[in-house]
Amino acid sequence: MMDKDPLISIIIPTYNEAENIADLIESLERNFKKHNLNDFEIIVVDDNSPDRTWKIVEELSSSDRRIRLVKRINERGLASAVLKGISESRGEYILIMDADFQHPPEIAPKLVKSAINENADIVVASRYIKGGGVEGWSKVRLFISKFATFLAYAAVRESRYTTDPLSGFFVVRKSFVEKRKLNPRGYKILLEIIARNPPWKPKVIDIPYVFGNRRSGKSKLGANTIVNYLLHLLDLSTITKFAIVGFLGTLINLGIMDLVMKLSKSYDLGSVLGIETSILGNFVLNDIWTFRKKLSGKAMARLAGYHGSSLGSAITTYVTMKILHVFLGINPLLGQLIGILAGFAVNYSLSSRVIWR
């Protein structure tokens, strides 16, 4: 055990990194001491690697009190390993990096110094600013990476704090992540940290680096990683889920309106009943899915508030339908659909800012 809590906790999740881990630890210790950063610990979180990576770390930790091993037996996954490392850490700043030397250890002290000197909450090693880049990537892999970043920017507003929200190499202030409910899927822990109910808008700094070639071992990027990323993005993106719910609500709205028009010959009654039914359906789905992690107060109070926030959208829908039908002769169902689309932005803005803050 160290005599006092360290300033920096370096967390390295590993699985089958026996060929790299000893050299990485030696390089980290040398580079941190070179920059006069001596107050650190190294936490290796290993998922019971078949190549016995954990055994190497265990032997190193027996002679170096800076090194700690956390061995997980029945758990797998990079992001969950990082969270386990954070829970075990004692540092004020946490550095996350991989063990395969694609994250250059000589850059690590620069990230920490930038966090300390600039009083930053997060410092990201970015591939996508001037001075950064990648080595040895095919055009296909580079396109996938850039497109994944574009999807993050489009779906999760907070991801725009950094030029590389999918980076796995970064420093975060521990107070920014502790006592928060983080539930990442797959590999993209930085995106989760930035997006998931931040207690305050973080000060984020980007530092350029070149993503290197893996020194040894096999890349863990595959189809499963891509699927997990897309599911994680959906989980984080309230506007995407809100749009899906809105699409289902639109089907309900138009279906009810069509049914009422056939039974009563009144498109006004059909429009009103379609709107009300879709409001009730949308509220239930948004409450249990879209905003389930932002619930506050009683359900009936949220329902009343949602009705209030939907009033502008409902009026927009009805008035648009009426004008298009009466003055332009457009089919009431088509007019209703156009009205629904016109009211979407208003509905989302009020719902996300007032009902499910």
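The values are calculated or read from the model by the stated rules, or taken from the named source; none is laboratory data. For clarity, every value in this text was computed on a predicted model and none was experimentally measured. Cβ sites come from the backbone with ideal geometry, for glycine too, and all protein chains shown count toward neighbours.
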### Message
Can you find, within segment 141-187, the residue that is modelled with the lowest pLDDT among those that are basic (Lys, Arg) and closer than 25 Å to Ile107 by Cα?
### Response
Arg141
### Task
Name the single residue, out of those in segment 90-140 being among the basic types (Lys, Arg) and in contact (Cβ under 8 Å) with a residue 60 or more places away in the chain, that is surrounded by the most Cβ atoms within 10 Å (Cβ to Cβ).
Arg127
### Query
Which members of segment 32-52 meet the condition of being within 15 Å of Arg72 (Cβ to Cβ), out of contact with any Gly (no Cβ under 7 Å at 6 or more places or on another chain) and among the aliphatic types (A, V, I, L, M)?
Val44
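Listed here are the residues, each with its yes/no results for (1) at pLDDT 85 or above; (2) surrounded by 13 or more Cβ atoms within 10 Å (Cβ to Cβ); (3) out of contact with any Cys (no Cβ under 9 Å at 6 or more places or on another chain); (4) more than 18 Å from Phe242 (Cα to Cα).
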{"residue": "Phe291", "(1), (2), (3), (4)": "no, yes, yes, no"}
{"residue": "Gly297", "(1), (2), (3), (4)": "no, no, yes, yes"}
{"residue": "Gly312", "(1), (2), (3), (4)": "no, yes, yes, no"}
{"residue": "Tyr318", "(1), (2), (3), (4)": "yes, yes, yes, yes"}
{"residue": "Gln336", "(1), (2), (3), (4)": "yes, yes, yes, yes"}
{"residue": "Ile340", "(1), (2), (3), (4)": "yes, yes, yes, no"}
{"residue": "Gly343", "(1), (2), (3), (4)": "no, yes, yes, no"}
### Task
Name the one entry in Leu37, Leu24 that is under 22 Å from Val123 (Cα atoms) and buried (at least 19 other Cβ atoms within 10 Å of the Cβ).
Leu24
### Message
Looking for something closer than 21 Å to Ile189 by Cβ, part of a strand (DSSP E or B) and within 24 Å of the chain's Cα centre (by Cα) - is there at least one such residue anywhere in segment 95-104?
### Response
yes
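Yes/no per residue for (1) closer than 30 Å to Lys181 by Cβ; (2) of a type in the set (Ser, Thr, Tyr):
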residue: Ile288; (1), (2): yes, no
residue: Gly297; (1), (2): yes, no
residue: Ala301; (1), (2): yes, no
residue: Ala304; (1), (2): yes, no
residue: Leu311; (1), (2): no, no
residue: Thr317; (1), (2): no, yes
residue: Leu324; (1), (2): no, no
residue: Phe327; (1), (2): no, no
residue: Ile330; (1), (2): no, no
### Message
Looking at Glu75, Glu106, Glu135, can you tell me which residue is under 24 Å from Arg214 (Cβ atoms) and touching a Phe, Trp or Tyr at 6+ places or on another chain (Cβ under 7 Å)?
### Response
Glu135
### Residues of segment 319-350 satisfying the condition of being touching a residue at least 40 places away in the same chain (Cβ under 8 Å) and either outside any helix (DSSP H, G or I) or closer than 23 Å to Thr290 by Cα (or both)
Leu337, Ile340, Phe344, Asn347, Tyr348, Leu350
#### Entry: Test for Thr250: is it at pLDDT 90 or above and more than 29 Å from Tyr153 (Cβ to Cβ)
no
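Results for (1) in contact with a strand residue (DSSP E or B) (Cβ under 8 Å, 6 or more places away or on another chain); (2) within 20 Å of Val112 (Cβ to Cβ), shown as yes or no for each residue.
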{"position": "Arg30", "(1), (2)": "no, yes"}
{"position": "Lys34", "(1), (2)": "no, yes"}
{"position": "Phe40", "(1), (2)": "yes, yes"}
{"position": "Asp47", "(1), (2)": "yes, no"}
{"position": "Trp54", "(1), (2)": "yes, no"}
{"position": "Glu59", "(1), (2)": "no, no"}
### Summary
When segment 150-177 is checked residue by residue, the ones that are buried (at least 20 other Cβ atoms within 10 Å of the Cβ) and of a type in the set (Val, Ile, Thr) are Val156, Thr162, Val171, Val172, Val177
### Query
Which members of segment 59-87 meet the condition of being surrounded by fewer than 15 Cβ atoms within 10 Å (Cβ to Cβ), assigned to a helix (DSSP H, G or I) and at pLDDT below 95?
Ser87
